[in-house]
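Below is one structure; the comments refer to it alone.
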Amino acid sequence: MASSDTINQRNFFSEIYASKVLKSYFEYCSILYDFSTKYNQILFDASNESIKSYYNSDEKSTRPEKIRNFIRKEFDSNLHKKLHKEDISQSLAETVDSWLDFLRISRLDKAVSAYSKFLAASMETFEPVRDNVDRTLSDTIRIKGGFDIHHYYHSNKGKEKEEVKHKTPILIVSSLINRYYILDLVPGASIINDFVKDGFDVFATDWGTTEHMFHEDIKDLDYIQNAVEKIKEITGANKVTLFGYCWGGVFSLVYSVMHPENVRNLILHATPVDSGTEKGIVENWTSHIDADKLVDALGDVPGWFVNMAFLMRNPMESFIKYPAFFGKPKTWQEISKFLWMETWLYDSRPIAGKIYRGMVDQVCKENLLVQNKLHVGDFTIDLRKIIVPVLVVVGQKDDLVPPESSKPVLEQISSSDKKLIEFPAGHVGLCVSSNAHEKLWPQVSKWLAKRS
């Protein structure tokens, strides 16, 4: 039996532990309350100002839909301006810091990390449905490094391969933040299917849970090289077109500098390059958060953590969009597109911690990429070394990656053949809107066909 001294010693340390945990918890609650008060005040003020704007405007209407749309637009504008302010960004960063301190002291950090992985694994149970319903059919190829690439076929011809008219294959490099299938959502709203129908040989990265990347750094990101070598082996081509979406565009830029011998064309779709210009709300918040502390505590960045930031940039939209959408009769195609979009929005997997830290610290905070000072291992990424044809596609209404964040890359690269397409759509609208598929992506396909 334990002696009374041993028992007393255990009780003493237990009391100290409990005291530290409670102190940390109450500090977190206090800071969270302060942030919540500021945030809710912003929501109230933005709502109040948008209603006042309507009554003071000359755009009076008796139609509820027009009134709602006007107030919604004003609310979005007012909210975004207020959420960009330094005090709310700093308050959010302090809240996250306090939460991480509480997790560390209470030893719940590993539990949160495990729970995040469990959520990601549970989403995989729906993978067969997502991969086979409304998708462009593809072969899945396992790549060295533990991730997949998809090799696409025309969705209306089974496994019979669509005729390839262009000898240069396309590798779509998706972002780590959300899943790749936003580029292949449903027939009629699929960039991948558009390319396939236009005669391109299309491949796309599927990072999966990115568990293979958890212990890697941005300097070790040789996954694109593994994918490119496999594509060259399959197609017999000696070069590929890289199509980088969001963060995937940053990886594509880095790869194009390091391996110019493998790249024929480069397309950058809503790619954040210059954080020294206008920032999106989420990017601005991210630049305030201590990425080192977040990664040290959780190992990887939970998908739900990123989703919370997306929701907080406009929480009203999450409630309004359902009655707004289902308030009118819809076709099955419209309902299917809406439901798949909702699935994609919440299908966020954990982001590899060290890669997240590298991206946030070096690209978002220090803005090293556009300054040609980003170091990948012993290699300095100098964008001036890029001489291949480059197409930059931006959304004029993109509040996640504002146009001014993407366009400066055109000034940095040395390519004589470079083009900018600005389109009146948001970050997701560039991928799935009917207008984009009618007017934007045919332009991209035509541009690429001449160079493939």
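Taking the criterion of being within 25 Å of the chain's Cα centre (by Cα), free of Cβ contacts under 8 Å to residues at least 40 places away in the same chain and under 23 Å from Lys321 (Cα atoms), the residues of segment 35-90 that qualify are Lys73, Ser77, Asn78, Lys81.
Within segment 318-348, the set of residues being aromatic (Phe, Trp, Tyr) and under 16 Å from Cys431 (Cβ atoms) comprises Phe338, Trp340, Trp344. Could you go through segment 238-255 and let me know if any residue there is closer than 21 Å to Lys354 by Cβ, at pLDDT 90 or above, open to solvent by 20 Å² or more (accessible area, probe 1.4 Å) and out of contact with any strand residue (DSSP E or B) (no Cβ under 7 Å at 6 or more places or on another chain). Within segment 238-255 (the criterion being closer than 21 Å to Lys354 by Cβ, at pLDDT 90 or above, open to solvent by 20 Å² or more (accessible area, probe 1.4 Å) and out of contact with any strand residue (DSSP E or B) (no Cβ under 7 Å at 6 or more places or on another chain)), the answer is yes, since at least one residue qualifies. Pairs linking a residue in segment 102-130 that is in contact (Cβ under 8 Å) with a residue 40 or more places away in the chain and at positive phi to a residue that is among the hydrophobic types (A, V, I, L, M, F, W, C) and in a helix (DSSP H, G or I), with Cβ atoms under 8 Å and 6 or more positions apart or on different chains, do not occur. Just one residue in the set Lys197, Lys219, Lys159 is at pLDDT 80 or above and more than 27 Å from Tyr346 (Cα to Cα); that residue is Lys197.
Filter segment 272-286 down to residues that are outside any loop (DSSP other than H, G, I, E, B) and of a type outside the set (Phe, Trp, Tyr) and give me whichever is surrounded by the fewest Cβ atoms within 10 Å (Cβ to Cβ). Here the answer is Val282. Mind listing whichever residues of segment 110-137 are open to solvent by 30 Å² or more (accessible area, probe 1.4 Å) and among the small types (Gly, Ala, Ser)? If the condition is that a residue be open to solvent by 30 Å² or more (accessible area, probe 1.4 Å) and among the small types (Gly, Ala, Ser), then Ala111, Ala114, Ala121, Ser122 are the ones that fit. Total residues in segment 302-338 satisfying the condition of being surrounded by fewer than 13 Cβ atoms within 10 Å (Cβ to Cβ), over 29 Å from Asp45 (Cβ atoms) and not hydroxyl-bearing (Ser, Thr, Tyr): the figure is 5. Considering Leu391, Leu383, Leu400, the condition of being in contact with a Lys or Arg (Cβ under 6 Å, 6 or more places away or on another chain), closer than 27 Å to Trp447 by Cβ and not basic (Lys, Arg) is satisfied by Leu391 alone.
In segment 337-379, which residue that is acidic (Asp, Glu) and in a helix (DSSP H, G or I) is nearest to the chain's Cα centre (by Cα)?
Glu342
The number of residues in segment 287-301 being touching a helix residue (DSSP H, G or I) at 6+ places or on another chain (Cβ under 6 Å) and either open to solvent by less than 20 Å² (accessible area, probe 1.4 Å) or among the polar types (S, T, N, Q) (or both) comes to 8. Of the residues Tyr255, Tyr322, the single one that is under 21 Å from the mean Cα position of the chain (by Cα) and among the hydroxyl-bearing types (Ser, Thr, Tyr) is Tyr255. Just to be sure, is Gln41 polar (S, T, N, Q) and at pLDDT below 95? For Gln41, the condition - polar (S, T, N, Q) and at pLDDT below 95 - is not met. Of all residues in segment 257-271, those that are open to solvent by 10 Å² or more (accessible area, probe 1.4 Å) and polar (S, T, N, Q) total 0. Restricting the search to helices (runs of 4 or more DSSP H) fully inside segment 380-452 and requiring at least 2 residues that are among the aromatic types (Phe, Trp, Tyr) and either open to solvent by less than 40 Å² (accessible area, probe 1.4 Å) or farther than 16 Å from Phe243 by Cβ (or both) gives 441-449.
Within segment 349-372, being of a type in the set (A, V, I, L, M) and either open to solvent by 20 Å² or more (accessible area, probe 1.4 Å) or more than 13 Å from Asp292 (Cβ to Cβ) (or both) holds for Ile351, Ala352, Ile355, Val363, Leu368, Leu369, Val370.
The values are calculated or read from the model by the stated rules, or taken from the named source; none is laboratory data. Since the structure is predicted, the reported quantities are computational estimates derived from the model, not experimental observations. Every residue, glycine among them, receives a Cβ derived from its backbone with ideal geometry; neighbour counts consider all protein chains shown. SASA here: full protein model, heavy atoms, side chains in, ligands and nucleic acids out. Shrake-Rupley method; radii C 1.70, N 1.55, O 1.52, S 1.80 Å.
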